[in-house]
Amino acid sequence: MGTHFFAIAMAAGALLAAAPASAQQPAASQSRGAYLAAIMDCGGCHTGGAMAGAPDPKLHLAGSAIGFGIPGLGIFYPPNLTPDRETGLGGWSEADIVRAVRTGVRPDGRVLAPVMPWRSYAALTDQDARALAGYLKRLPPVRNQVPAMVGAGEKAASPYLAVAMP
């Protein structure tokens with residue numbers, strides 16, 4: 001009986017030892033996604049107050065009320081990247097986010113604003129692109145409606161940064 005008990009105990013110990021490694025996979029991916037969002041400076045545009053030098057932690061990656069004015073195109077406001085269903089990416093799948101980050105194309109077929117550096121992000125590995133998308137999908141949803149895009153020649157009610165063209 002002692003040998004049988006010992007064998008069961010060893011098997012159970014091996015299973016328990018293996019469990020944290022598999023349980024850490026999502027945590028590792030989430031940590032990697034957070035790291036990527038930080039070094040890609042997603043918060044520099046997509047966090048409320050960041051472009052004014054005062055990022056609001058309650059609006060982390062929840063979009064900005066300060067836009068970018070691009071001559072001939074209009075004014076674009078960085079959208080909410082949290083999974084809020086009404087004002088953010090809540091209706092997007094992880095594959096939708098990966099596609100947008102790497103190709104500049106939204107699920108509805110529209111092209112992202114030219115200031116979005118997707119051409120640089122296109123070089124992300126599959127694993128890193130999925131880690132970033134997973135991180136965004138697992139953020140706490142924040143309801144924050146950013147101003148709508150303003151067409152070229154239209155007057156903006158919200159502040160924006162103007163991009164000078166040569």
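Note on the range 103-132: residues that are of a type in the set (D, E, K, R) and assigned to a loop (DSSP other than H, G, I, E, B) total 3. Tally the residues that are among the aliphatic types (A, V, I, L, M), surrounded by 14 or more Cβ atoms within 10 Å (Cβ to Cβ) and not in a loop (DSSP other than H, G, I, E, B), restricting the search to the range 28-48. Count: 3. All of Gly69, Gly88, Gly74, Gly53 fail the test of being closer than 20 Å to Ala133 by Cα and either without any contact (Cβ under 8 Å) to a residue 12 or more places away in the chain or not hydrophobic (A, V, I, L, M, F, W, C) (or both), apart from Gly88.
Take the residues in the range 99-136 that are of a type in the set (Val, Ile, Thr) and either surrounded by fewer than 20 Cβ atoms within 10 Å (Cβ to Cβ) or in contact (Cβ under 8 Å) with a residue 60 or more places away in the chain (or both); name whichever of them is farthest from Ile39 (Cα to Cα). By that ranking, first place goes to Val111. Within the range 155-166, the residues that satisfy the criterion of being surrounded by fewer than 18 Cβ atoms within 10 Å (Cβ to Cβ) and not β-branched (Val, Ile, Thr) are Lys155, Ala156, Ala157, Ser158, Pro159, Leu161, Ala162, Ala164, Met165, Pro166.
Scanning the range 104-132 for residues that are small (Gly, Ala, Ser) and under 21 Å from Ile75 (Cα atoms) gives Gly104, Gly109, Ala113.
Has the range 137-154 got at least one residue that is surrounded by 15 or more Cβ atoms within 10 Å (Cβ to Cβ), modelled with pLDDT under 95, in a loop (DSSP other than H, G, I, E, B) and not basic (Lys, Arg)? Within the range 137-154, one or more residues are surrounded by 15 or more Cβ atoms within 10 Å (Cβ to Cβ), modelled with pLDDT under 95, in a loop (DSSP other than H, G, I, E, B) and not basic (Lys, Arg). Applying the set (1) on the phi < 0 side of the Ramachandran plot; (2) at pLDDT 95 or above to Gly109 leaves exactly one unmet item: (1). Being surrounded by fewer than 18 Cβ atoms within 10 Å (Cβ to Cβ) and part of a helix (DSSP H, G or I), is that true of even one residue in the range 58-79? Scanning the range 58-79 turns up at least one residue that is surrounded by fewer than 18 Cβ atoms within 10 Å (Cβ to Cβ) and part of a helix (DSSP H, G or I). All of (1) surrounded by 15 or more Cβ atoms within 10 Å (Cβ to Cβ); (2) closer than 30 Å to Ala28 by Cβ hold for Met51 with one exception: (2).
The values are calculated or read from the model by the stated rules, or taken from the named source; none is laboratory data. Here the structure is a predicted model, which means the values were calculated and not measured. Cβ coordinates were reconstructed from backbone atoms using ideal geometry, including for glycine residues, and neighbour counts include every protein chain displayed.
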